[in-house]
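Take a look at the structure below.
Every number in this text was worked out from the coordinates using simple rules, so none of it is lab data. As the structure is a prediction and not an experimental result, all values here were calculated from the model. Reconstructed Cβ throughout: ideal geometry from the backbone, glycine too, with neighbour counts over all protein chains shown.
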Amino acid sequence: MNLMTTPAVWIFLPVLLSLLLVLVHRLHKLSIWIACVGSLLLAVAAFVFPQDLEFTLFGQQFLFDDTFLILNRALSLTGSQLKTIATLYLFSFLWNIAGIRFSVSRWFPTISLAITALWVSTLAVEPFLYAALIVELIVLISIILLTPRGEQAGSGVMRYLVSQTIALPFILLSGWMVTGIETAPSASTLILRGAVLILIGFSLWLAIFPLHTWLPMLAEKSHPWVFSFVFLMQQSSLWLFLLKFLDQFAWLRNLNGLFPAMQWAGVLTLLAGGVLASLQNKVSRILAYLVLIETGYSLLAIGLISQGGGEALALSFLPRALAYWQWAYTLSSIQQFAPEIDGSFPSLRGLFNRLPFHSMSLILSLLSLLGLPALGLFPARRMLWTSGAGLTFHYTPLLGLAVAGMALFILRLMHTLLTADPESPSPSLSAPGEESFWQIFVLSVFTLLSLLMGILPHIFLNPFLGLLEPFIHLLPPN
Amino acid sequence: MSETLRTILAAFLLLTAAINLVRRQWALNIFALGFQYICIFLLILEVRSPLLAGIKLIVGLMVSLMLYLTLSSSGLIESLLVRGRLSSGEVFRGTIALLLALISFLAAPALQQSVFPQSSQLLLTASLGLILFGLFQMGTINEPLYLVIGLLTFLSGFELLYASLEFSRLLEALFTAVNLSLALIGSYFIVKDVESRSE
């Protein structure tokens, strides 16, 4: 067995590490630090590793193989996928390093590392359709984190499990159905069946409108820190997985009407997210709508792949992660400060007087996700708005409505945070100066990063275009 | 194995799924789930070697045992012999079960002709039935045990179908991992449910 392979380093090693963490999970700080250092090292290694997988260290030459054989099948991680791997482990590091502050499950470091390794393996397994079963395993593992402590499993988590399980047969059957389809005529019924199965499977996985009903229920009951991590990893990996489908199956990407259908599904999901967000009165549920909106934008980006959508998708990876991080961090921190705040608007009244930096951070992370100029997601959003509106006039009012819906929610939240209730001033909301220097510093750094990414995208975001390198058929290099 | 015997097995398989859909008696449900896996093992011998089919049997029995032990350690399981009167809900679900069995029986030939020509009609009827029973169970109940039984039934139906289409050791290993993880999650849900009730 050759262990000098990329899958051994970025899949088996972290899985082993997470098994080790099972043994020390009671020592919460130690397991967090092991997960942090492990994730960071794996991210840095993937980032600096040469693309030809060959390097010399201390005068000795090392050549890594990109394929690991297992049960007559292969796990393959090529040099062009290393940037993706680095990004996923970076996310794992970011969520673990700050997770120490919050009362999330003590299994978080163990499971987050295992989830990251499994997501990497979905991008590595050949035939890649088998990844559907790995996704199911990830869902099952993540349920331990998503179920609140000391409470019974709610409807949200059960619907999540059901929805993700139902997606599994669609993806696996599509793989069997389309074997040898390349030789079939272009209008073959098989092609249409295969495409429909794949699209239904992805719609269930990604909770595309109208299959999203479990998302807000799950967000309300789960810890925001856990929810943001699980769904950031899921979104990031599944979009790349969908690109892999489109890259590998010529019949799928050449299917008439596929990309316009994706554009419409993206715009409608985005619209649903924006409109539903505008009506929300609970910030704990809003992360679900943010996920829905991001799903809509990403789907629109893939639908607009020939109009620069791929670049928009790649450029949104890091800013989206940072915005989720900032939102979840701030919300978790507020809940830690004041457990009496249940996330409803009335409980947040006048919070600005007590926690000004946290309040500003909530608003700024939302503005970044809205796509406000000079903030992280603006370059990607601008590309999509321009391409979408340039393609057909139908998208413009719908996109406008979606953005207006989210903007309305932000304005309502700002009003709530700034306005104290004159009739019943809560004594808990009238004591300023609770934020420590360290918390202010962390929130400021993430705001600054978002600003820097928005102002200097060519420095901070262009390296993420490398995420598209493996998809040479879908996005041929110039 | 003769065709008649296999038909009886398929009928028994659907009967076990129907019991799980209709009756709400935990000991009986776990027993039916275990019996369901025995029927699947015997049916899948049509397309798998006894050794590989045996893996599914062992996994299925482990899953059933895991759920049974969780329930019995929670002190919630009642005797298999306890008989309650049929409720209106059970009558309704019984009717639905009959309807679902009829749909799978009627849809299997057309499905075989148009989509799965290499699968036998009997296997298709059994797998389609399990998938439909599982889906209905998942869609109508929120109680952890029944949700997990629904998921396991749904997955078993799909595994039965997929076994007739493709074979891969890796896929078998992943299915095994998914089934065992699902049973663990089911036990986890049940324990949490019991804990929250006792608080």
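Only bridges with both residues in the protein assembly as shown count here: give the DSSP antiparallel percent, nearest 5.
90 percent
Defining a contact as two alpha carbons under 8 Å apart and six or more residues distant in sequence, what relative contact order in percent does chain A show?
Once normalised by length, the contact order is 14 percent.
For A:D65, what residues show an amide H to amide H distance below 5 Å, using hydrogens built from the backbone and excluding near sequence neighbours?
Placed amide hydrogens put A:T5, A:T6 under 5 Å from A:D65.
Quick one: length gained pulling A:A261 to A:L41 fully straight, 0.36 nm per residue minus the C-alpha distance?
Gain on extension, A:A261 to A:L41, equals 75.1 nm.
Residue by residue through the stretch A:215-232, which ³J(HN,Hα) values in whole Hz follow from phi under the Karplus form 6.51 cos²θ - 1.76 cosθ + 1.60 (θ = phi - 60°), with glycine and proline marked x?
My calculation for the stretch A:215-232 gives 4, x, 5, 5, 5, 5, 8, 8, 5, x, 5, 5, 4, 5, 5, 4, 7, 5 Hz in order.
Sorting A:S359, A:S450 on the 10 Å Cβ count, fewest up front, what's the list? Don't jump to the answer; show the numbers that get you there.
Details: A:S359 22, A:S450 27.
The most exposed by this proxy come first: A:S359, A:S450.
I need the Kirkwood Rh of the stretch B:1-113: take the reciprocal of the average 1/r across all distinct C-alpha pairs and report it in angstrom.
Values: mean 1/r = 0.0638 Å⁻¹.
Kirkwood hydrodynamic radius for the stretch B:1-113: 15.7 Å.
For the stretch A:85-231, would you read off the P(r) tail past 26 Å as a percentage of all alpha carbon pairs?
Considering the stretch A:85-231, 33 percent of its Cα-Cα pairs are separated by more than 26 Å.
Give the relative contact order (percent, whole number) for chain B; include only Cα pairs under 8 Å separated by 6+ residues.
26 percent
Short version: ³J(HN,Hα) in whole Hz for each residue of the stretch A:366-376, in order, from phi by Karplus 6.51 cos²θ - 1.76 cosθ + 1.60 (θ = phi - 60°), x for Gly and Pro, what are they?
Each residue's phi maps through the Karplus curve to give 5, 5, 5, 5, 5, x, 5, x, 6, 10, x Hz.
Remind me, what semi-axes does the stretch A:1-126 give for its equivalent ellipsoid, largest first in whole Å, using sqrt of 5 times each Cα gyration tensor eigenvalue?
27, 16, 13
Any idea what the relative contact order of the stretch A:1-158 is, in percent, if you count C-alpha pairs under 8 Å spaced at least 6 apart?
Relative contact order for the stretch A:1-158 comes out at 29 percent.
Over all Cα pairs of the stretch A:197-301, how is the pair count split among 10 Å bins, expressed in % and running from 0 up to the last occupied bin?
15, 47, 27, 9, 1
Rounded to the nearest 500, what is the 222 nm mean residue ellipticity of chain A from helices alone, with -39500 (n - 2.57) per DSSP H run of 4+ residues and division by all residues?
Result for chain A: -22000 deg cm²/dmol, rounded to the nearest 500.
What is the angle, in °, between the Cα long axis of helix B:26-44 and the longest principal axis of the Cα atoms in chain B? Nearest 10 is fine, range 0 to 90.
Helix B:26-44 sits roughly 10 degrees off the main axis of chain B.
Which ³J(HN,Hα) values in Hz, rounded to whole numbers, follow from the phi angles of the stretch A:301-307 under the Karplus curve 6.51 cos²θ - 1.76 cosθ + 1.60, where θ = phi - 60° and Gly and Pro get x?
4, 5, x, 9, 4, 7, 10
Cα centroid distance between the stretch B:133-163 and the stretch A:1-30, in Å?
So the two Cα centres are separated by 33 Å.
Residues with amide H under 5 Å of A:A74's amide H, sequence separation 5 or more or different chain, H placed in the peptide plane at 1.01 Å from N; which?
Counting only residues 5 or more places away or on other chains, the set is A:E126.
Which translational diffusion coefficient, to the nearest whole µm²/s, is obtained for the stretch A:156-239 from the Stokes-Einstein equation, given a Kirkwood hydrodynamic radius over C-alpha pairs, 25 °C and 0.890 mPa s?
After rounding, the answer is 173 µm²/s.
Could you tell me how far the Cα centroid of the stretch A:277-343 sits from the Cα centroid of the stretch B:169-194, in Å?
About 30 Å separates the Cα centre of the stretch B:169-194 from the one of the stretch A:277-343.
Alpha carbons only, please: Rg and Dmax for the stretch B:69-199, in angstrom.
17.5, 55
Kindly express, to the nearest 10 degrees and within the range 0 to 90, the angle between helix A:82-99's C-alpha long axis and the longest C-alpha principal axis of chain A.
30 degrees
Two decimals is fine: what is log10 I(q)/I(0) at q = 0.10, 0.12 Å⁻¹ for the protein assembly as shown, from a Debye sum with one equal scatterer on every Cα and no solvent?
-1.00, -1.40
Could you give the spread of the C-alpha atoms of the stretch A:127-468 along their three principal axes, from largest to smallest, in whole angstroms?
Cα spread of the stretch A:127-468 along its principal axes, largest to smallest: 72, 45, 33 Å.
Helix B:50-73 versus the longest principal axis of chain B: what is the Cα-based angle in degrees, 0 to 90, to the nearest 10?
10 degrees
Across 10 Å bins from 0, what is the distribution of all Cα-Cα pair distances for the stretch A:261-379, in whole percents?
Per 10 Å bin, starting at zero, the Cα-Cα P(r) for the stretch A:261-379 comes out as 14, 41, 30, 12, 3 percent.
Report the one residue of B:M66, B:F105, B:V178 whose Cα lies farthest in the direction of the positive end of the charge dipole of chain B (charges on C-beta: Lys and Arg +1, Asp and Glu -1; origin at the Cα centre).
B:F105
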